[in-house]
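Asks: Take a look at this one; I'll ask things after.
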Amino acid sequence: MVDKATLLEAIAGKNRGLLATEQDKQAILIAIAQLEDRNPTPRPVEAGELLEGNWRLLYTTSKGLLNIDQLPLLKLGQIYQCIRVATTSVYNIAEVYGVPFLEGMVAVSARFEPMSDRRIKVKFERSILGLQRLVSYKSPGEFISQIEAGKRFAAVDFRLDSREQQGWLDITYLDNDLRIGRGNEGSVYVLSK
């Protein structure tokens, strides 16, 4: 029987999936599935107090996220998914490092809508790509406050057509400090608060 500690040990040192071998990936997916079977929150979409907060990505199979690390001279830093239940907002923020003083970040803001007890529909609304220094990025929480206040940034900052840019996410495990989700493109996400 797999517990949280077993899963966390399996993903430790895998750099969010970048360093996972095929054998590692299979073992991690088995551990995730076994933990999902023991989800302590049967209706995670309704558990706003647990969903709320800044979540840090521990592991993913998402090629879209992991491929950021493949860009020349760039390394993927921390990735956050920040959920604001009261405004049905979600913010994905990826920190990017490379050349000194040119640290970057990629952020996407979206709205979510419950579809079932565990599935949410996500409609992406805005994308921001820029240098951390130019957007005064210090932390996810502070940056989100600026976005919510309507600030425009010295960056590539543009609206997305939410009719075309949408997907869904199943929240398959949720407790006080660990969340597992499965997206519409088949990707798995393990996040901690």
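The values are calculated or read from the model by the stated rules, or taken from the named source; none is laboratory data. Here the structure is a predicted model, which is why all the values come from computation and not from measurement. Positions of Cβ are backbone-derived with ideal geometry, glycine not excepted, and every protein chain shown enters the neighbour counts. Ligands, DNA and RNA are stripped out before the accessible areas are found, and what is left, the full protein with its side chains, is counted by its heavy atoms. Shrake-Rupley method; radii C 1.70, N 1.55, O 1.52, S 1.80 Å.
Asks: Please give the per residue accessible area of the chain, computed with a probe of 1.4 Å over protein heavy atoms only, in Å².
Replies: For the chain, the per-residue accessible area is 52 Å².
Asks: Which order do peptides 103-111, 10-18, 142-150 fall in by mean Cβ count within 10 Å, highest first?
Replies: The most tightly packed comes first, giving 103-111, 10-18, 142-150.
Asks: Right, here's the next one. For residue 123, give me every one of the lysines with a C-alpha distance below 25 angstrom, ignoring sequence neighbours fewer than eight places off in its own chain.
Replies: Answer for residue 123, where 25 Å is the Cα cut-off: 63, 151, 193, listed by chain and number.
Asks: Turning to a different aspect of this structure: So how far apart, in nm, are the two label points at residue 18 and residue 126 if each is 7 Å from Cα heading toward Cβ?
Replies: 2.8
Asks: Based on the Cβ-Cβ distance from residue 36 to residue 56, what FRET efficiency comes out when R0 is 25 Å, to the nearest 0.05?
Replies: Taking R0 as 25 Å, the efficiency between residue 36 and residue 56 is 0.80.
Asks: Further question: Per 0.36 nm of contour for each residue apart, how much would the distance between residue 26 and residue 185 grow if the chain were fully extended, relative to their Cα-Cα spacing?
Replies: So the extension gain works out to 55.5 nm.
Asks: What distance in nm separates the two pseudo spin-label positions at residue 117 and residue 133, each 7 Å out from Cα along the beta-carbon direction?
Replies: For the pair residue 117/residue 133, the computed spacing is 5.2 nm.
Asks: Next up: Got a number for carbon plus sulfur as a percent of the chain's accessible area, 1.4 Å probe?
Replies: 53
Asks: Starting from the 7 Å offset along Cα-to-Cβ, what nm value, one decimal, do you get for the label separation of residue 73 and residue 87?
Replies: It is 3.4 nm.
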